[in-house]
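Below is one structure; the comments refer to it alone.
The values are calculated or read from the model by the stated rules, or taken from the named source; none is laboratory data. The model shown is predicted, which means the values in this text are computed figures rather than measured ones. Please note: Cβ atoms are built from the backbone with ideal geometry, for glycine as well, and neighbour counts cover all protein chains shown. Just the protein is used for accessible areas: all its heavy atoms, side chains included, with ligands, DNA and RNA removed. Shrake-Rupley method; radii C 1.70, N 1.55, O 1.52, S 1.80 Å.
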Amino acid sequence: MKFFKGFAEEFKRNRALFAMAAPAFILVLVMQYFPMTGLVLAFKNYRYDMGVFGSPWNGLANFRYLFASGTGWLITRNTILYNLLNLITSQLLAVLIAIFITEINNMIFKKVTQSIILLPYFISWVVVGVFVYNLFNFETGMMNGVLKAMGMDPVNMYGIPGAWPVIICLFNAWKWTGYNSVIYIAAITGVDGEIYEAASIDGATIFQRILYITLPSIRPTLVTMILLQVGRILRGDFEMFYQIVGNNGQLFNATDVIDTYVFRSLITNPDIGMTAAATFYQSVLCFVIIMVVNAVVKRIDEDYALF
Amino acid sequence: MSMRKKILATLLAMTMAIGMLAGCGGGSSSGSSDAPASSDSGSADAGSTDGAADTSKEVNLVMYVISDRPAGQDVVDENLNKLLKEKLNCTLTINWIGWAEYANKYPLLFSSGEEFDIAYCATWLNFANLARRGAFKSLDELLPTYAPDNYALQSQTALQQATIDGHIYAVPTLLPTYITYGSIYRGDLAKEAGMTDTIDTWEEVEQFGDWIKANHPEMEVIDEYSSGPELSLVWERMAGNYEIDSGNRYIFYDPSEEEPKVFAIYDDPTIGDFYEMCYRFGEKGFWSKSALSDTDSSKTQNGKAAIRFHNVDTWSGYTVLHPEWDFQYGVMTSEIAHLPYTQDCMVISNTSKNPERAMMFWNLLTTDQEVYDALYYGVLGTTYELNEEGQFTILDTDLYSTSAMWAARTFDLNRNQAGVPESYDTMRAEWEEQIQDGVGIEKYTGFVLDTTNITTEIANCQNVRQQYGWPLELGYTDPVAGLEEYKQKLQEAGIEKVLEECQKQLDAYRTSLG
Amino acid sequence: MAKEKEIVAPRKIKLSTSSKVFYVICYTIVTLMTIVCLVPFILLVSGSFTAENWIRFHGYGLIPGEFSLEAYKIIFKTPERIIRAYGVSIMITLIGVAIGLLLTALTAYVISRKDFKYRNALSFFFYFTTLFNGGMVSTYIYYIQYLHLKDSYLALILPMVFNVFYLLIMRTFVNNIPVALIESAKLDGAGEWRIFFTIILPLLQSGLATIGLFLALGYWNDWYNAMLYMNTEAKYPLQYMLYSIQQQAQALARIASQAGISVQDLPSSSLKMAMAVVATGPIVILYPFVQKYFVAGITIGSVKG
């Protein structure tokens, strides 16, 4: 009752804001929330003739394959570690590149570089996978070609699992740095130019300018980006892992994330319920993690929290 | 005022939307109760009319196949529909699920409630799983009643394969295919190497491989790529052991035994030798150390590799493409049997409104050369031509193609492609002679593993096979230690339970045969 | 209007040594990054013009080892369908970006208003969809059966028109706008809608440009929705058209062993590369025109005056 009263009051006061948010609200409700009923599939033995709701329940049976023989923990850990690593490298690089690019005076150089660093975004993981194979292929790969030309022994990268987290991380950073830097460049250019002028008249050095003006100006964006990434820390970029690693069993202990494991487990016997179970597991863990992180951020500075 | 209206409208929209959601639940469940009812009434009708085909009402049948629509398909459709209108008072709309989307879309087809009649299905599309989960109409009545000629041609084995949980859910193909893995290899190079005998033993493979390594170092000896090696399958089949299920190629049994015992691959006493051999092959560089990341599946076809282990149809295809390379085929399977007939099959959707006519169409298609040609090859003189032996050539492969409804092929109606070597037919004739119904492996081709109780374990074992079995098979890991690890991981994954279940089902199958 | 307000290091002051060091590092790193991003793209373009068997035996090079147009011949075998697919993609992208930007900006403005009681609840409502979704099966059934999106262009536009990530990034841009501006406008008697369209939107230009770019890239690259919902080839957007051409080429080999017929060798690697070139080309050419919004940026100060 109290809620409704409060709602009515708030509605009266801010009805324009309600109206502004209404289209997106309805869109998300209809397009995203209604199909969410499909979440029950994780707990059902799906039957085509009975549909989502009519299918019989089967408890937690769909989840069992994830945790049998201890793989659940390994792939969960891998997924989180990869995401953390990728989060740090790609965001750091993006910030760095954004700062550098905005500091560049030569307009042509600035424009050209800014365009070029966006190119990797367009190269699909399938093509990246082709390049990776051509780079590291033991017999005819470019890397071993160079090594042999220098009189060194060829290296079998596909036999060294430890190297792959680095390789994957590098390619991820390569693909996303340009894209992410667009956001930071936009954030920096949003800063009042007068502030920079004032700073330089006051005799601030370039480092001081970056430290006291540029960095603070992108901090809210950076925090938001990090939080957004943390919120999907249990998801893997399936295409990236699958195209780069392929079916190389030797590398799986170092490269398997939840999505690749699920894909492989179900490739011969696809199962809608088991797929839903994996997604549900990821969602719940993400949910818990982001709730905790968001609460912590909120305590520090409410403005930076996601919600 | 206006704002209040807007809000009202919004709220209304929301209630409607929620109502729709509720309707969604109701709709799908009522739909499910509808489906069996309509199929019942269908069979009741069948009983009353006693199969007397009523074609007075014109219907349009919708058929789904998996392939991309050829650019010139309109000509084929027009011609076929004219024929069908005449013979069966119906038309056929072919819907295509492209290769880009079939993995996602095919199962969805049966969930979405879309009304259609016929679909291509296959073991590799998980026929048994879909049938078990209620995707198809039962054909127990429909098949004998409305497709009697087709039914008469079906073997007991084929019908058994199409039967899931006691009901027939598919019309299997009438074109037998064979369990015949073997070596497809470059005949021209073998001649150069002085190997005139067919290469169909591991010693010969190794000898040929050594020669290739020495004389054509730019080539790979054995074609291996990212979809995984199948050497262990060849090894087992040469020894007379067969896999329990095409999805689980780490569990075998020997069908020649009185009461076959299933066993895991690591319990084959010869498997140690096999992995030793693989390791040796790997060390010799018969395949790339990076094979599992190589996505190129046409290395043999393009002259990059010398041997590929695959089936006889792949071989005949290669031969047509590169007659100058003189591709040879060495069978490396101890006993030949038919592949499951559900390898290609036809199913009727649960949502079909005209299952009777669909079956009548199918009956016609699989017994009438004219209709078959019109569907499968198109229009004579426009899309295809025939040579004196009745072999076909597609005239413009940019525009036309043979049909993707492979399940429609029958032994009598199907034509060979011009250029297929004679030995293809003689080989098949030989095999047909060897195969005895109900004897040896042929006895077990009707067996379909029901994985319902072991989905978790199967998923895990499947994973282990890829992670530990494949590298071992390609000699990437130490043959002794690797085998130990493979065994241990399979056991952790629950293979004992899988074995037990397989044994139980296999025994039950055997007793059911009497 | 703000050309002269670009953020450039004022040149009036002589560069100190530390600044010089900074610029050396700055230019070096940016140049390196540029090379790293450019080389694979050159390999890609060159690969698309290389004969398939050359790639099979020798790999990729910065210039084609054996020049071949085979891959492009396959893509442009029926040029009309590629041109039409370009048309579909352009239409989808334009409509999607326009609607998407408006929705995102409106909503971002609302959830950034500190005097709006439910802003956190609303943010959470939106954010929640990034954590949980109904999965492909139920989404597909629902879209087809209840929203009737099958083969409709709406199926290509609606699922991507509102993205929570973009919303929250946009919010950081809105947050940069001083609250005082809104307050003073209110005192002047301006309504919420007027404030939004005349004050907020113009100040959001760099945010709008960023999110607009992301939306456009998203729409341009999307093939998944087309794969699920589109049946008519004439309605395929470019990426899906290319993808299906490539899959067809690959599938022919599969059909061959399935049906015992032969197929011509199709260039799979160079085809992948050519696809990327065909899809990316227009964007790479267009990007410099959009870019001015990022390079110059419209600063708050300039609008204030």
Hey, among the residues in region B:383-406 that are away from every other protein chain (no Cβ under 11 Å) and touching a Phe, Trp or Tyr at 6+ places or on another chain (Cβ under 9 Å), which one's farthest from residue C:77 (Cα to Cα)?
-> B:386
Residue B:413 meets each of (1) assigned to a loop (DSSP other than H, G, I, E, B); (2) modelled with pLDDT under 90; (3) under 21 Å from the mean Cα position of the chain (by Cα) with one exception, condition (2)
What are the residue pairs meeting all of these: first residue in region B:161-184, first residue in a strand (DSSP E or B), second residue hydroxyl-bearing (Ser, Thr, Tyr) and open to solvent by 30 Å² or more (accessible area, probe 1.4 Å), Cβ atoms under 7 Å, and 6 or more apart or on different chains?
-> B:167/B:138; B:168/B:138
Among the numbered conditions (1) part of a helix (DSSP H, G or I); (2) over 30 Å from residue A:192 (Cα atoms); (3) at pLDDT below 65, tell me where residue C:294 comes up short.
-> (2)
Of B:459, B:407, the only residue that is closer than 30 Å to residue B:84 by Cα, open to solvent by less than 30 Å² (accessible area, probe 1.4 Å) and assigned to a helix (DSSP H, G or I) is B:407
Do you know which residues across region C:128-172 are more than 7 Å from every other protein chain (Cβ to nearest Cβ), hydroxyl-bearing (Ser, Thr, Tyr) and open to solvent by 40 Å² or more (accessible area, probe 1.4 Å)?
-> C:153
Identify the residue in region B:273-299 that is within 11 Å of chain C (Cβ to nearest Cβ) and in contact with a Lys or Arg (Cβ under 8 Å, 6 or more places away or on another chain) and, among all such residues, is least open to solvent (accessible area, probe 1.4 Å).
-> B:299
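Has region B:501-509 got at least one residue that is facing chain A (nearest Cβ under 10 Å), touching a Phe, Trp or Tyr at 6+ places or on another chain (Cβ under 7 Å) and not acidic (Asp, Glu)?
No, region B:501-509 contains no residue that is facing chain A (nearest Cβ under 10 Å), touching a Phe, Trp or Tyr at 6+ places or on another chain (Cβ under 7 Å) and not acidic (Asp, Glu).
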Among helices (runs of 4 or more DSSP H) completely within region A:193-307, the ones holding 1 or more residues that are touching a residue at least 60 places away in the same chain (Cβ under 8 Å) and buried (at least 19 other Cβ atoms within 10 Å of the Cβ) are A:206-209, A:215-230, A:238-245, A:252-255, A:258-266, A:272-300
Could you list all residues from region A:144-183 that are farther than 22 Å from residue A:240 by Cβ, open to solvent by less than 70 Å² (accessible area, probe 1.4 Å) and either in contact with a strand residue (DSSP E or B) (Cβ under 6 Å, 6 or more places away or on another chain) or part of a helix (DSSP H, G or I) (or both)?
-> A:144, A:145, A:147
Selection from region C:114-127 of residues surrounded by fewer than 19 Cβ atoms within 10 Å (Cβ to Cβ) and either at the interface with chain A (Cβ under 7 Å from one of its Cβ atoms) or not in a helix (DSSP H, G or I) (or both) yields C:114, C:115, C:117, C:120, C:124
Test: residue in region A:41-60 that is open to solvent by less than 10 Å² (accessible area, probe 1.4 Å) and touching a strand residue (DSSP E or B) at 6+ places or on another chain (Cβ under 8 Å) = yes
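Collect the residues in region B:473-488 that are open to solvent by 40 Å² or more (accessible area, probe 1.4 Å) and either in contact with a Ser or Thr (Cβ under 9 Å, 6 or more places away or on another chain) or assigned to a loop (DSSP other than H, G, I, E, B) (or both), keeping them in residue-number order. Can you show your working first?
Step one: of region B:473-488, the residues open to solvent by 40 Å² or more (accessible area, probe 1.4 Å) are B:476-478, B:480-481, B:484-485, B:487-488.
Matches in region B:473-488: B:476, B:477, B:478, B:485.
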If residue A:84 satisfies every condition in (1) at pLDDT 90 or above; (2) open to solvent by 30 Å² or more (accessible area, probe 1.4 Å); (3) within 11 Å of chain B (Cβ to nearest Cβ) but one, which is the exception?
-> (3)
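Go over the candidates B:119, B:100 one by one and state the one that is assigned to a loop (DSSP other than H, G, I, E, B) and either open to solvent by 10 Å² or more (accessible area, probe 1.4 Å) or closer than 20 Å to residue C:141 by Cα (or both).
On the way: B:119 fails: assigned to a loop (DSSP other than H, G, I, E, B).
The conditions single out B:100.
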How about region B:93-103: which of its residues are at pLDDT below 85 and out of contact with any Ser or Thr (no Cβ under 9 Å at 6 or more places or on another chain)?
-> B:103
Do the conditions hold for residue A:21, that is, is it of a type outside the set (Asp, Glu) and closer than 16 Å to residue C:114 by Cα?
-> yes
Candidate set from region B:305-326 (those that are closer than 21 Å to residue C:57 by Cα and within 11 Å of chain C (Cβ to nearest Cβ)); member that is modelled with the lowest pLDDT | B:321
Lone unmet requirement of (1) in contact (Cβ under 8 Å) with a residue 40 or more places away in the chain; (2) over 30 Å from residue B:295 (Cβ atoms); (3) not hydroxyl-bearing (Ser, Thr, Tyr) for residue A:109 = (1)
Spans of helices (runs of 4 or more DSSP H) in region A:1-63 with at least 3 residues facing another protein chain (nearest Cβ under 7 Å) = A:15-28, A:51-54
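So for region C:80-103 (the condition being of a type outside the set (S, T, N, Q), farther than 21 Å from residue C:235 by Cβ and either free of Cβ contacts under 8 Å to residues at least 12 places away in the same chain or more than 7 Å from every other protein chain (Cβ to nearest Cβ) (or both)), does at least one residue qualify?
Within region C:80-103, the subset of a type outside the set (S, T, N, Q) is C:80-88, C:90-92, C:94-103.
Filter once more, keeping what is farther than 21 Å from residue C:235 by Cβ: C:101-103.
Applying the additional criterion that residues be either free of Cβ contacts under 8 Å to residues at least 12 places away in the same chain or more than 7 Å from every other protein chain (Cβ to nearest Cβ) (or both) yields C:101-102.
Yes: region C:80-103 contains one or more residues that are of a type outside the set (S, T, N, Q), farther than 21 Å from residue C:235 by Cβ and either free of Cβ contacts under 8 Å to residues at least 12 places away in the same chain or more than 7 Å from every other protein chain (Cβ to nearest Cβ) (or both).
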Is region B:133-142 home to any residue that is aliphatic (A, V, I, L, M), farther than 24 Å from residue B:509 by Cα and surrounded by fewer than 24 Cβ atoms within 10 Å (Cβ to Cβ)?
-> no
Which condition number does residue B:284 fail, the rest of (1) over 28 Å from the mean Cα position of the chain (by Cα); (2) under 19 Å from residue B:484 (Cβ atoms) being met?
-> (2)
Per the filter on region C:226-246, residues open to solvent by less than 20 Å² (accessible area, probe 1.4 Å) and either without any contact (Cβ under 8 Å) to a residue 24 or more places away in the chain or within 19 Å of residue C:81 (Cβ to Cβ) (or both) are C:226, C:227, C:229, C:230, C:237, C:238, C:240, C:241, C:242, C:244, C:245, C:246
Can you find even one residue in region C:193-214 that is open to solvent by less than 10 Å² (accessible area, probe 1.4 Å), touching a helix residue (DSSP H, G or I) at 6+ places or on another chain (Cβ under 8 Å), away from every other protein chain (no Cβ under 11 Å) and touching a residue at least 24 places away in the same chain (Cβ under 8 Å)?
-> no
Within region B:226-236, can you find the residues that are open to solvent by 10 Å² or more (accessible area, probe 1.4 Å) and assigned to a helix (DSSP H, G or I)?
-> B:235
